[in-house]
Amino acid sequence: MDMPPEARRHIAEDHVAWLTTVTDSGAPAPNPVWFVPDGDDLVVFSAPGSRKVHNIAERPTVTLNFNSDPHGTDIVVINGTASASPNKKSSGLRAYLDKYEASITGELGTTVEEIDRVYSTELRITPTRVRLTPPA
């Protein structure tokens, strides 16, 4: 799908997005996540036993949205279909390391190898629709 410029800007500049999956009871479950583009898809890494992974296996329809500006505008919500692939390493995706390695070794105080060990399931989101409210 052709990504609007507002969405491309958030994808390029934002450090965190909100991934919303649907629980077994049908409730939305938003979680802040790190993400990177990979071709037309967006990629998130998760612990294999997380609720996100379970929810995606059962109900692959998700949304990924970005924080608004301070006035509640500049809203971008990406609807998509997600899939989970076990035994993947974030270090295998150069864009992920380029974006997050300083945070992993700095503010998290851990190593890329430890992140690869704990967050070893790749969540791949294929966008199907983008909803936006233009910046103020």
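The values are calculated or read from the model by the stated rules, or taken from the named source; none is laboratory data. Just so you know, these numbers come straight off a predicted model, no measurement behind them. Counting neighbours? That spans all protein chains shown, and the Cβs are built from the backbone with ideal geometry, glycine included. The area values use the complete protein model at the heavy-atom level, side chains included, leaving out ligands, DNA and RNA. Shrake-Rupley method; radii C 1.70, N 1.55, O 1.52, S 1.80 Å.
A few notes on this one:
- Meets criteria (in a strand (DSSP E or B) and either open to solvent by 50 Å² or more (accessible area, probe 1.4 Å) or touching a Gly at 6+ places or on another chain (Cβ under 7 Å) (or both)) for residue 117: no
- Residue list for the stretch 30-55, restricted to those being more than 21 Å from residue 8 (Cβ to Cβ) and in contact with a Ser or Thr (Cβ under 6 Å, 6 or more places away or on another chain): 30, 45, 46, 48, 52, 53, 55
- Residues in the stretch 14-36 that are under 15 Å from residue 77 (Cα atoms) and open to solvent by 40 Å² or more (accessible area, probe 1.4 Å): 16, 18, 28, 30, 31, 32.
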